[in-house]
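Reviewing the structure listed below.
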Amino acid sequence: MTEATATPPALVIPRLIVGLGNPEPKYDRTRHNIGFAAVDALANSWQIPLSENRKFQAEFGEGRGPQADKIRLLKPLTYMNQSGQAIRAVTDWFKIPSGSVLVIYDDMDLPVGKIRLRLSGSAGGHNGMKSAIAHLGTQNFPRLRIGIGKPQGFSSTVSYVLGQFSSDEVHHIPQVLSLVVEAVELSLKQGVEKAMNRYN
């Protein structure tokens, strides 16, 4: 094979899947915790138990994904703006390259019911992502954003993202989470780029 032959780009296959959110029961089912809900859905689908891991400051689980490959799931318990600490602790411990970390989080720029996969990018004002980028030292890792829609009739963005989904929106959540599971499973089987083409 000559050097001029273009080699196809390496597939980006996640080995660690992180959902962003806030610990404590009062944040359960809030818009900002949809990343946690996504990891719970994956754990449920693949029957991977999650338990608190003090070393990682997170809920953590490892098991076999749909491809029978080892996969690790993480829900940082450090609060959103310190999420990167737990991510870094796991990547250092298991020697996982940052490009194999898939981070799932909420996005106000997408309507409820929509998801977007990207191979890299900025934090876009999301504190959990700012922390992840700071601790991993790069923006080059895949992420899956789940739409929570724009606040309307809310006094502040904070009260909106920390609020529960409306009764109309709640109906969409199970469908969105099953879409997330499908998109992540395709990422594991055929790479993130293939899943981007299908689900974005």
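The values are calculated or read from the model by the stated rules, or taken from the named source; none is laboratory data. Everything numeric here is computed off the predicted structure, so don't read it as measured data. All Cβ positions, glycine included, derive from the backbone under ideal geometry; neighbour counts span all protein chains shown.
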- Please verify whether the range 96-103 includes one or more residues that are modelled with pLDDT under 95, under 17 Å from the mean Cα position of the chain (by Cα) and crowded, with 22+ Cβ neighbours inside 10 Å. no
- Task: State all residues of the range 142-195 that are over 18 Å from His126 (Cα atoms), outside any helix (DSSP H, G or I) and either within 13 Å of the chain's Cα centre (by Cα) or charged (D, E, K, R) (or both); if no residue qualifies, say none.
- Result: none
- Matching residues in the range 116-141 (surrounded by fewer than 22 Cβ atoms within 10 Å (Cβ to Cβ), outside any helix (DSSP H, G or I) and in contact (Cβ under 8 Å) with a residue 40 or more places away in the chain) number 5
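Condition check ((1) over 24 Å from Ile115 (Cα atoms); (2) in contact with a Gly (Cβ under 9 Å, 6 or more places away or on another chain); (3) modelled with pLDDT of 95 or more; (4) among the aliphatic types (A, V, I, L, M)) across all residues:
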{"position": "Met1", "(1), (2), (3), (4)": "yes, no, no, yes"}
{"position": "Ile13", "(1), (2), (3), (4)": "no, yes, no, yes"}
{"position": "Leu20", "(1), (2), (3), (4)": "no, yes, yes, yes"}
{"position": "Pro49", "(1), (2), (3), (4)": "yes, yes, yes, no"}
- Item | Only one of Val90, Val18 that is assigned to a strand (DSSP E or B) and buried (at least 17 other Cβ atoms within 10 Å of the Cβ) | Val18
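Sort out which residues of the range 146-163 are surrounded by 14 or more Cβ atoms within 10 Å (Cβ to Cβ) and in contact with a Phe, Trp or Tyr (Cβ under 6 Å, 6 or more places away or on another chain), and write them in order of number. Walk me through how you get there before you give the answer.
Of all residues in the range 146-163, those surrounded by 14 or more Cβ atoms within 10 Å (Cβ to Cβ) come to 146-149, 151, 160-163.
Across the range 146-163, the qualifying residues are Pro151, Tyr160.
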- Query: Out of (1) within 23 Å of Ala37 (Cβ to Cβ); (2) hydrophobic (A, V, I, L, M, F, W, C); (3) surrounded by fewer than 15 Cβ atoms within 10 Å (Cβ to Cβ), the odd one out for Ile173 is which?
  - Reply: (3)
- Message: Any residue at all in the range 71-81 that's in a loop (DSSP other than H, G, I, E, B), among the β-branched types (Val, Ile, Thr) and under 16 Å from the mean Cα position of the chain (by Cα)?
- Response: yes
